[in-house]
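What follows is one structure encoded as C-alpha cells, with my remarks underneath.
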Amino acid sequence: MTGKSRAPNLMVFGVLLCLGLLFLVLPAYHAGNLARIMVLAVYAMGYNLLFGYTGLLSLGHAMFFAAGMYGLGLSMTGWGLSPVPAFAVGVGAATLASAIIGFLALRTRGVAFMIVTLMFAQAGYLVILYFGAYTRGDEGFVIQQADRMIAGIDLSGDAARYFTAFILFAVCFLGLAWLVRAPFGRTLIAIRENEERAQMLGYDTTMYKLRAMIVSGAISGAAGAGYALLFGYVGATFATVQYSIFPLLWVLLGGAGTLIGPLVGVFFMFYLIDISSAVTSAYMLIAGLALVLLTLFAPQGFAGELRKRVFAWLP
Amino acid sequence: MAAVEILKTVGLTKTYAGLKANTDVNFVLPRGKVTALIGPNGAGKSTFVGMLSGRTPATSGDVFFEGRNINALPAHKRIQLGIAYTFQITSVFAGLSVHENVAVAARRIAGGDQSALNARVGEALARVGLSERADQIAGDLSYGHQRVLEIAMGLVQAPKIFILDEPTQGLSDSEVEDFIALIGSLAGETTVLLIEHNMSVVMRTADFITVLNNGSVLARGTPEQVRADRHVQAAYLGTPDA
Amino acid sequence: MEFGPHLLLASLEGFVTAAILALTAMGLSIVFGVMRVVNVAHGEFYMLGAVIAWWVASLLGGHPAIGFVLALVVAPLVVGALAAVADRLILQRINYDPDRTIVATIGLLYIIQQTTLMTFGPEARPVEAPFNTRLALPWFEFGDKGLTMFWPWGLSTTSYKLFVIGAAVAILLGLWLFMRHSRFGLLMRATQQDRETALAFGIPVDRVYAWVFGLGAGLAAVGAVLVVPIQQAHYLMGQDPLLLSFIVVIIGGLGSLPGTIIAAVLIGMSDGIISVFFTPTLAKIIATLLVAMVLVFRPQGLLGRRAQ
C-alpha cells in the first residue's frame, strides 16, 4: 500500500525534475518552445480540472484565458502596474469571470452547458473587438520588454522566461496533484461518475461544480496572464473559439482526468502543429484529424490508456 | 407512538401533469423501528420516498423531520440531516473502486482524517461482506454485490433514517437471508423505512407496515394487524404473487 | 434615404437572411430532433454547398442558369452523401454519446474547413445569379397633396432575392409534406419518439439516422447554393450560419420544427433591422448574450413547450 501511494508523488517530482534539467540540455529554440508548452499546459490543467475531473465540457474557456491575458496586459499598459500586481489583476479578472459564467451556466447541463459557455465566450470575444480603442482588437498590442521585469530580472531572457514558466507550471502542477487527491477532488470525481448519487449522499453538487469552475477559470487566467507576460503580446485571437477548443484537444489527447495528461497533450499537439504549419497553412487539419481519431480510438487519451493498461495508480 | 416518531408527513401530495401519484398521505415513522411500505406496483411508493428524501418535489403537504418542517430543504440538505437513501435502480460510482464508493459516502461525515475514514469504510464493507472486494471497480461487480454496495454506502453514513427502495430485488436467496440478518442487526440503532415486494422479507423484518394503494394510505399497523385487514387482503395480499 | 424606406430595405434584406437561415437551421433542428445530436460541423456542410456550387458553375460555363440549376441538385446530394458517410464512419461508432459527438463534429469541422482551404484556396469566389433584374420599389407618403407615391433612390431589390425567398418557402413546404406523408417521414417520427421501441419494431434505426444526418446537411447545402450568388463562396463562410442556426434552434426550442421557422424569421429580420441601428459588433454582443440567457433561464426555448 505504501509503495503504491508513493508512486504518484515520485512521478510528480520526477516530471518537475526532468523539466528543470531539460533547460540545460535543450537548444535555445526548443527551450523557448518548452517554456510556451509549460504555460499552455497550465491552461490545459485548469481546463482538465473541470472537464477531466468534474465531467463538465466547457467550450468557453478562452474567455478565462483572455481575461487573464487582458487583465495583465491592460493593467500594465493602461495603469502602469508592475508585473506582479498586474498578474494578480489578470487572475482576479478570470476568477470573477468564471464565477459569473459558472453561476449562470451551471443552471444548465450537458449540451446546453456547452452551448451556453460557447455563447458567453463568443460575447467576450466580441466585447474585446468592440472596445478596440483600448484592446486594439484583432491586431492586439505588445507589452514592452522594458516593463516585463520582476526584481530587476528581464523576463524576456531565455533562462528567466524558461524558469518563470517552470515556476508557474510547478505551482499549478503541485497544487492540482494535491487537490485531486484531497476530499474536494475526490468529490469532484464522484460527481463526474454519477452526479445524482453524489447529491443523494448529501453533497451540494452545484456548489462543488461552481467551485471547480472558479478554480479552473483562475488557473486558466493565470496561464493567460503568464503567456502575455512572458511572450509580451496580447491579442483577440486568444479569445476566439479556437482557443476554447485547444485545451479540450490537448486534454483529450493527453488523457482527461489524469494529472500528467495536459502536459503530454500540449507537448504533442504543439510540435505536431509546429511541424505541419511549416508545410501548409491548413495546419488545423491536424487538430481536426486528431479530434476525430481520438474520439474513435482512444477516448481516454495517452495517459488514460496508460492508466487503463499499465499503471493503475496514475493520478 | 406519536411521542417517538422521527419523521411525519401531513397531506403529502404529488401530481404529475394532472395525474395524482400520491394523495394526502399522512404517515409517521417510529424512531428506531423497521417500517415497511408495501403496495401493488404503481401504488406511489417510490414517489412517496422520493418526496421524503427531496429527490422529488412535493406538489403540496408537509414533511417533518424530528419535529421540524423540512419542505424547503433540497435533497442534499436532508441527507445531511441524517436521511440516507438507496436507489431502486442500482446507482453506484461505476468507475471507482468499491472502497472509494463507500469512502465518498463517508467523507462528508468523517472529514479529512484518512485513518478514521478507512476504518469506517472497512467496517461498513465488513458488515455487508464486501471486504474482499474493496479494490475492485464497482462497475465490475455482480448485480447482487452492487446492491449490497449501495447498502454499505448508506450504512457508512450512520444515518438516523435509512430509506431502502426495494433492496432485495434481484438478490439470490442466500443474499436475501444476509440482508434480513443485517436489518435485524440495525434494530434500535437506526430507523429503517423499507420498500419491499418480497412479503416474507417484510413479515420477518418489519415492526410496522404501511400499505399504499392508488397513491393513498390503505392501512397501517403491526404485521399481524395488516395481515388481518380485510381491505389489504382484497387489494394486495390476496393476490397470489405475494 | 429617410427612415421609412430605409426600414423597408432592411426588412427585405432581413427576409432574404431569414429564408436562408430557415433552411440551414431546419437542417440542424431535424438532426437534433431525431438523433439528439448537436452537429457543430453543420456550418461546414453549408460552406461545402457553396463551394460545390461554384465548382459546378465554373466547370459548366454557358448560361449561368444551367450551372445554378445543376448546382441546386448536385450540391445537396454530394454534401448529404458525405454527411451520411461521416455519420456511419464516426458518429455511429461512438454511439452518439453526447460529449464525444460534439468533440468529433468539432474535428469534422476542421477537417472539412481545412481541406477546403488546401484545395479551393483562401480566396472568395463569386457565382453568377441565373437572373438578376433590379427592381425599384415605390414608397408612399402623406403630404400636402394627400397620399403620394415616389421612387426613393436606392430603394430596390433584385428578382433573384425575391426568388430566394420564394424558393426557401417552397422547399420548406415540400419538406413538411415529405415528413408528414412519406414512409421515410413516418420512420423518422417513429425513431424520434423512442429509439428503443423503433428498434424493437424492426425499424432500421442506423439507416434512418444516416439519412437524417444527410438530409440535415443537404438542407444547409441548399441554403448555401441559394446564397452564393449574393455572397461569395469562401472557406470560412460556415461560421456565421452555424452560430445563427444555433441561435435559431435554441430560441425556437430544441428540435421543434415550427419553432425553428418562426425563430428564423425573427432572427433573420432582427439581424437585418438591428444592424441598421447598432454597430454590427454591438448587435452581435447583445444577440449572443440574449441567446445565452434564454438557454439559462428558458432551456425549452422561447416558443418550445417544457418537457413532460
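What follows draws every value from the coordinates through simple rules; no lab data is involved. Values in this document were obtained by computation on a predicted structure and should not be read as measured data. As a convention, Cβ positions derive from the backbone with ideal geometry for all residues, glycine included, and neighbour counts pool all protein chains shown.
Taking region A:62-87 and a reference point 7 angstrom along Cα→Cβ of A:ALA146, the backbone N atoms nearer than 19 Å belong to A:73-84. Among bridges DSSP assigns within the protein assembly as shown, what percent are antiparallel (round to 5)? Rounded to the nearest five, the antiparallel share is 65 percent. In chain C, the DSSP-assigned H stretches of four residues or longer account for a calculated mean residue ellipticity at 222 nm of -23500 deg cm²/dmol, using -39500 (n - 2.57) per stretch and the full residue count as denominator.
Sorted on the mean count of surrounding Cβ atoms within 10 Å across their residues, most packed first, peptides A:300-311, B:156-167, A:155-166 read B:156-167, A:155-166, A:300-311.
Within the listed set B:ASN101, B:ASN198, B:ASN41, the Gaussian network model of chain B (springs between alpha-carbon atoms below 10 Å) gives the highest mean-square fluctuation for B:ASN41. Residues whose amide H lies under 5 Å from that of A:ILE143, counting only those 5 or more places away or on a different chain, are A:TYR233, A:VAL234; hydrogens are built 1.01 Å from N in the peptide plane. When only the Cβ of Lys, Arg, Asp and Glu is charged (+1, +1, -1, -1), the dipole of region A:2-239 relative to its Cα centre reaches about 620 debye. If one computes the Cα centroid of region B:162-222 and of region A:170-190, what distance in Å separates the two points? If you average the Cα positions of each part, the centres end up 40 Å apart. Measuring from label point to label point, each 7 Å out along Cα→Cβ, what is the B:ARG230 to A:PHE268 span in nm? In this crude label model, B:ARG230 to A:PHE268 measures out at 7.6 nm. With contacts taken as Cα pairs under 8 Å and at least 6 residues apart, chain C reaches a relative contact order of 37 percent. Peptide A:181-194 is shielded by partner chain Cβ atoms: per residue, an average of 4 of them sit within 10 Å of its Cβ. Here chain C is scanned for chymotrypsin sites (Phe, Trp or Tyr not before Pro) in DSSP loops (not H, G, I, E, B) that have at most 16 other Cβ atoms within 10 Å, and the longest stretch holding none of them is C:1-95. For chain B, adding -39500 (n - 2.57) for each run of n ≥ 4 DSSP H residues and dividing by the number of residues yields -10000 deg cm²/dmol at 222 nm. Sorted ascending by nearby beta carbons within 10 Å, beginning with the fewest, B:ARG220, C:ARG189 become C:ARG189, B:ARG220. Scalar couplings 3J(HN,Hα) for region A:298-305, obtained by applying the Karplus form with A = 6.51, B = -1.76, C = 1.60 to θ = phi - 60°, are 9, x, 8, x, 4, 5, x, 5 Hz; x denotes Gly and Pro. Phi angles across region A:68-76 convert, under the Karplus curve 6.51 cos²θ - 1.76 cosθ + 1.60 with θ = phi - 60°, into 3J(HN,Hα) values of x, 5, 6, x, 6, x, 5, 6, 7 Hz, Gly and Pro given as x. Peptides A:28-35, B:201-208 ranked from most to least packed by the mean count of surrounding Cβ atoms within 10 Å: B:201-208, A:28-35. When you filter the GluC sites (Glu not before Pro) in region C:1-97 for DSSP loop state and at most 16 other Cβ atoms inside 10 Å of their Cβ, you are left with C:GLU2. Peptides A:260-272, A:59-71 ranked from most to least packed give A:59-71, A:260-272, packing being the mean of other C-beta atoms within 10 angstrom over each peptide's residues. Quick one: check the C-alpha center-to-center distance for region A:199-222 versus region A:240-315, whole angstrom. Centre-to-centre (Cα) distance: 24 Å. Taking amide hydrogens as placed 1.01 Å from N in the peptide plane, the amide H of B:THR15 sits under 5 Å from those of B:ALA21, B:THR59, each at least 5 positions away in sequence or on another chain.
Phi angles of region C:232-247 translate, via the Karplus equation with coefficients 6.51, -1.76, 1.60 and θ = phi - 60°, into HN-Hα couplings of 6, 7, 8, 5, 9, 6, x, 5, 5, x, 4, 5, 5, 5, 4, 4 Hz per residue; Gly and Pro are given as x. Take every pair of alpha-carbon atoms less than 8 Å apart whose residues are at least six positions apart; their mean separation over the length of chain B yields a relative contact order of 26 percent. The H on the amide N of B:ILE163, modeled in the peptide plane, is under 5 Å from the matching H of B:ALA84, B:TYR85, B:THR86, B:LEU193, each at least 5 residues off or on a different chain. Each label point was placed 7 Å from the Cα along the Cα-to-Cβ direction; for A:TYR130 and B:GLN114 their separation is 5.0 nm. Using the alpha carbons alone, the radius of gyration of region C:95-209 stands to its Kirkwood radius in an Rg to Rh ratio of 1.21. In the distance distribution for the protein assembly as shown, Cα-Cα pairs more than 51 Å apart total 28 percent.
Here region A:2-239 yields Rg over Rh of 1.00, to two decimals, using C-alpha coordinates and the Kirkwood radius. The relative contact order of chain A comes to 31 percent, based on Cα pairs under 8 Å that sit 6 or more residues apart. As a calculated quantity, the FRET efficiency between A:LEU174 and A:VAL84 at R0 = 25 Å, using C-beta atoms, amounts to about 0.80. Once the Cα atoms are used to define both axes, helix C:159-181 deviates from the longest principal axis of chain C by about 30 degrees.
Label-to-label distance for C:GLU2 and C:ASP240 is 3.0 nm, based on points extended 7 Å past Cα in the beta-carbon direction. When each of A:LYS209, B:LYS77 is scored by the number of other beta-carbon atoms lying within 10 Å, the sequence from fewest to most is B:LYS77, A:LYS209. Sparse packing (at most 13 other Cβ atoms within 10 Å of the Cβ) combined with a DSSP loop state is found for the following GluC sites (Glu not before Pro) in region C:100-147: C:GLU123. For region A:95-199, GluC sites (Glu not before Pro) meeting the loop criterion (DSSP other than H, G, I, E, B) and having at most 12 other Cβ atoms within 10 Å: A:GLU139. Remark: mean inter-chain Cβ contacts per residue of A:109-120 equal 6, using a 10 Å Cβ-Cβ cutoff to other protein chain atoms.
Computing FRET efficiency as 1/(1 + (r/R0)^6) for C:SER270 and A:THR280, where r is the C-beta to C-beta distance and R0 is 60 Å, gives about 0.90.
Tell me which lysines have Cα within less than 25 Å of B:LYS45's Cα, excluding those fewer than 8 residues away on the same chain? Here the lysines satisfying the reach criterion relative to B:LYS45 are B:LYS8, B:LYS14, B:LYS20, B:LYS33, B:LYS77, B:LYS160. Counting Cβ atoms of other protein chains within 10 Å of each Cβ in C:288-298 and taking the mean gives 6.
Note on B:ASN69 and C:GLU196: with the Förster distance fixed at 41 Å, the Cβ-Cβ geometry gives a FRET efficiency of about 0.50. Against chain B, whose longest principal axis is taken from its Cα atoms, helix B:143-155 shows a tilt of about 90°. Annotation for region C:177-230 versus region B:2-22: alpha-carbon center distance of 45 Å.
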